[in-house]
Amino acid sequence: MADVSSSTNTTPTDAAMARPGRFKEFWRYFRENRGAVIGFYVFIFFLLVAIFAPILAPFEPSTQNRDFTLIPPVWQDGGDWTFPLGTDPLGRDMLSRLIHGARYSFLVGTVVVILAATGGILTGLIAGFAPKWLDTIIMRIMDIILSIPSLLLALVLVAILGPSLLNAMIAIAIVLQPHYVRLTRAAVMTELTKDYVVSARVAGAKLPRLMFVTVLPNCLAPIIVQAALSFSNAILDVAALGFLGMGAQPPTPEWGTMLAEAREFILRAWWVVTFPGLAILMTVLAINLMGDGLRDALDPKLKRS
Amino acid sequence: MLRYLLSRLLTFVPTFIGVCIISFAFIRVLPGDPIIVMAGERGVSEERYQELYEQFGFDRPIVVQFWDYFTGVLQGDLGTSYVTKRPVWDEFFSLFPATLELSICAILLAILLGIPAGVIAAVNRGKFFDRALMSSALVGYSMPIFWWALLLIIVFSGNLGWTPVSGRIDLLYFFDAKTGFMLIDSLLSGQDGAFQSAVRHLILPAIVLATIPLAVIARQTRSAMLEVLGEDYIRTARAKGLAPMRVNGVHALRNAMIPVITVVGLSVGMLLAGAILTETIFSWPGIGKWMVDSIYRRDYPVVQGGLLLVALLVMVVNLLVDLAYGLINPKIRKR
């Protein structure tokens, strides 16, 4: 054991002469992809909007200004600077609802990714290290989950659990989890054949240490990319569930739910439909741009030497 | 090849049984008593409840119930809808052609636009065309398609009045469903304007459903082409003085197609998930809308049977894709 840990410890002079820090190297590759950097800034912008929503929003998201229903955005005839993006059929300020909606999207993305990734990485690690029969059982179960279209499975799960934002998040996490299991397992399988794992084993590392300290850190690159992709998937799917009435319930200013409420007004008031969807598209696009950049920066196969 | 086929079929069996277990378990854990739901607003007397309880076999051990269900499934008996009182199997097959027609049109649209887009982008790597096409592909890939559908309705149905908002054909046309495909049936009927009406109903839902597969296919084609274009035999073909069109279109594209075919096959699950949203928005009478409606109505046998059939469909297509892949690429089946 002692041998292994001392060989990975480098003296300060070594570190200075060796390659730049991991993060620096990552950032150098990430910065080369202009789209990824733009996506990153847009993501930060939406994140700040979400964090400071109560300060930024001019109104409470549920305040109904009954005298000002379906006011168009400010640049159209009849628009008013009090409601820059107009109001919905109940006289609620669109801008305020959109700003508060950002909170739900980030909540959804974060919770779903944490749930799906934790469960998926654990299961994948177990499958990778387990004897063949257990591995087969786990992977068959994942095949079953993957054979049902994700949105359909999520819909049925929500129908069982009852429609709410929390249940929608749980359902989407269950649906997204098999991807993590497959990725982690595949990465573990490749790592297990390598010499450093054998040497750690010879040095007497116990199974938990082998799993979490020796192997897992070396499997993280594809998992991080997957996390970015499933963050955007989670936002899209939860919005879709909200749109079908199976996610967040009105009057929650969740973007998908807002779209569902606005559906009957599409031909009379384009703004109640356009803005929530645009917000979803922008957020998802920003995250996908970042995800592409992450993949280029982290995937050693695509890395230019 | 036979060994590969058999081993692939062997993994198919446990997955199928697993899907049966899942779809069976759902009806047992769903909230609400199925008998109360079935009785509807009139309610049900105590004795009648008991009678029905036994009639549906809810009093028997769960393993026996599952065995009955499973043997029923193998014989094509998926139960009866609470709402319409028709067998789930019949309902599925009367609605399936609508979804199939929509999906085929969508995937054709995605292939016919996506592959050329990917090839053009790869050949012009880093130039304006590449950037424009790949940016649009990323936007398409990130698109919330339910919103995209509403936008198209606002523009093409609302402002321009070109397309209808819902259904498969105008109500004034009436003819027998010979094939179940509206485009073919309307042509066969020989009625004036029926075919045009069917096309106008189909076009927006098909565009919406095609959006994400189109983006995925374009991206996949580009990366597969880029990989192939770096190969030696492409340089040889160029050195021989072949026309660029021939090098890119024949030598490169043919070899780049293998991963693309896989993506096309695997997009069936994507299409069915997209059909849920698309059919709901456009009131398209297919499997997706049927499933959503029965979830709203708590029509459990339909949810159960529909889930099973959709999963089976995806599994069969994935199996076919795998087999086709083994046929094209001998390396795979040796493993």
| Matching residues in the range B:165-215 - criterion: being of a type in the set (Val, Ile, Thr) and open to solvent by 10 Å² or more (accessible area, probe 1.4 Å) | B:Val165, B:Ile169, B:Thr179, B:Ile184, B:Val199, B:Ile203, B:Ile207, B:Thr211, B:Ile212
| Boolean, B:Pro244 is open to solvent by 40 Å² or more (accessible area, probe 1.4 Å) and more than 11 Å from chain A (Cβ to nearest Cβ) | yes
| Neighbours by Cβ (under 7 Å, 6+ apart or cross-chain): first from the range A:213-231, touching a residue at least 12 places away in the same chain (Cβ under 8 Å); second open to solvent by less than 30 Å² (accessible area, probe 1.4 Å) and acidic (Asp, Glu) | A:Val215/A:Glu191; A:Asn218/A:Glu191; A:Cys219/A:Glu191
| Residue match in the range B:65-77 (condition: of a type in the set (Ser, Thr, Tyr), in a helix (DSSP H, G or I), at pLDDT 75 or above and surrounded by fewer than 15 Cβ atoms within 10 Å (Cβ to Cβ)) | yes
| query | Would the range A:223-234 turn up any residue that is surrounded by 15 or more Cβ atoms within 10 Å (Cβ to Cβ) and either in contact with a Phe, Trp or Tyr (Cβ under 7 Å, 6 or more places away or on another chain) or not in a helix (DSSP H, G or I) (or both)? | reply | yes
| query | Somewhere in the range B:28-35, is a residue within 28 Å of the chain's Cα centre (by Cα), modelled with pLDDT under 85 and assigned to a helix (DSSP H, G or I)? | reply | yes
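So that you can scan it fast, the table gives a plain yes or no per residue for (1) in contact (Cβ under 8 Å) with a residue 24 or more places away in the chain; (2) part of a loop (DSSP other than H, G, I, E, B); (3) more than 18 Å from B:Trp284 (Cα to Cα):
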{"position": "B:Ser157", "(1), (2), (3)": "yes, no, no"}
{"position": "B:Gly161", "(1), (2), (3)": "no, yes, yes"}
{"position": "B:Gly180", "(1), (2), (3)": "yes, yes, no"}
{"position": "B:Ile184", "(1), (2), (3)": "no, no, no"}
{"position": "B:Leu188", "(1), (2), (3)": "no, no, yes"}
{"position": "B:Ala198", "(1), (2), (3)": "yes, no, no"}
{"position": "B:Ile203", "(1), (2), (3)": "yes, no, no"}
{"position": "B:Pro213", "(1), (2), (3)": "yes, no, yes"}
{"position": "B:Ala218", "(1), (2), (3)": "yes, no, yes"}
| query | So which helices (runs of 4 or more DSSP H) are wholly in the range A:16-68 and hold at least 2 residues that are within 17 Å of the chain's Cα centre (by Cα) and closer than 17 Å to A:Tyr104 by Cβ? | reply | A:34-51
| task | Return the only residue of A:Leu294, A:Leu220 being over 21 Å from A:Gln64 (Cβ atoms) and surrounded by fewer than 18 Cβ atoms within 10 Å (Cβ to Cβ). | result | A:Leu220
| task | Using the structure shown, decide if B:Ile21 is away from every other protein chain (no Cβ under 14 Å) and either modelled with pLDDT under 80 or within 23 Å of B:Gly79 (Cβ to Cβ) (or both). | result | no
| field | Scan of the range B:78-94 for residues that are assigned to a helix (DSSP H, G or I) and open to solvent by 40 Å² or more (accessible area, probe 1.4 Å), ordered by number | value | B:Trp89, B:Asp90, B:Phe93, B:Ser94
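From B:Ala121, B:Ala132, B:Ala98, grab the single residue that is more than 14 Å from every other protein chain (Cβ to nearest Cβ), over 25 Å from the mean Cα position of the chain (by Cα) and modelled with pLDDT of 90 or more.
Selected residue: B:Ala121, the only one of B:Ala121, B:Ala132, B:Ala98 that is more than 14 Å from every other protein chain (Cβ to nearest Cβ), over 25 Å from the mean Cα position of the chain (by Cα) and modelled with pLDDT of 90 or more.
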| query | From the set of residues in the range B:267-301 that are in a helix (DSSP H, G or I) and more than 10 Å from chain A (Cβ to nearest Cβ), which is surrounded by the fewest Cβ atoms within 10 Å (Cβ to Cβ)? | reply | B:Asp293
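Yes/no per residue for (1) closer than 30 Å to A:Pro253 by Cα; (2) surrounded by fewer than 22 Cβ atoms within 10 Å (Cβ to Cβ); (3) touching a His at 6+ places or on another chain (Cβ under 6 Å); (4) away from chain B (no Cβ under 14 Å):
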position: A:Leu153; (1), (2), (3), (4): yes, no, no, no
position: A:Ile160; (1), (2), (3), (4): yes, yes, no, no
position: A:Ala168; (1), (2), (3), (4): yes, no, no, no
position: A:Ala171; (1), (2), (3), (4): yes, no, no, no
position: A:Ile174; (1), (2), (3), (4): yes, yes, no, no
position: A:Thr184; (1), (2), (3), (4): no, no, no, yes
position: A:Val197; (1), (2), (3), (4): no, yes, no, yes
| task | Hey, can you tell me all the residues within the range A:124-151 that are open to solvent by 30 Å² or more (accessible area, probe 1.4 Å), of a type outside the set (D, E, K, R) and away from every other protein chain (no Cβ under 13 Å)? | result | A:Ile126, A:Phe129, A:Pro131, A:Leu134
| request: Those residues that are polar (S, T, N, Q) and at pLDDT 90 or above, I need them from the range B:139-186; list them, please. | output: B:Ser142
| note | Only unsatisfied item for B:Gln304, checking (1) within 13 Å of the chain's Cα centre (by Cα); (2) crowded, with 24+ Cβ neighbours inside 10 Å, is (1)
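Answer yes or no: is there a residue in the range B:101-111 that is assigned by TED's automatic domain parsing to the domain that holds B:Glu279, open to solvent by 70 Å² or more (accessible area, probe 1.4 Å), at pLDDT below 90 and in a helix (DSSP H, G or I). Steps first, please.
Kept after step one, since they are assigned by TED's automatic domain parsing to the domain that holds B:Glu279, are these residues of the range B:101-111: B:101-111.
Checking the rest, the ones that are also open to solvent by 70 Å² or more (accessible area, probe 1.4 Å) come to B:104, B:108.
Filter once more, keeping what is at pLDDT below 90: none.
No.
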| request: Would you check which residues across the range A:88-116 are basic (Lys, Arg), in a helix (DSSP H, G or I) and within 18 Å of A:Pro73 (Cβ to Cβ) and list them? | output: A:Arg97
| Whichever residue in the range A:254-274 is assigned to a loop (DSSP other than H, G, I, E, B) and more than 17 Å from A:Ala234 (Cα to Cα) and, among such residues, is most open to solvent (accessible area, probe 1.4 Å) | A:Arg268
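The values are calculated or read from the model by the stated rules, or taken from the named source; none is laboratory data. Computed from a predicted structure; not experimentally measured. Cβ sites come from the backbone with ideal geometry, for glycine too, and all protein chains shown count toward neighbours. Just so you know, the surface numbers come from the protein's heavy atoms only, side chains and all, with ligands and any DNA or RNA stripped out. Shrake-Rupley method; radii C 1.70, N 1.55, O 1.52, S 1.80 Å.
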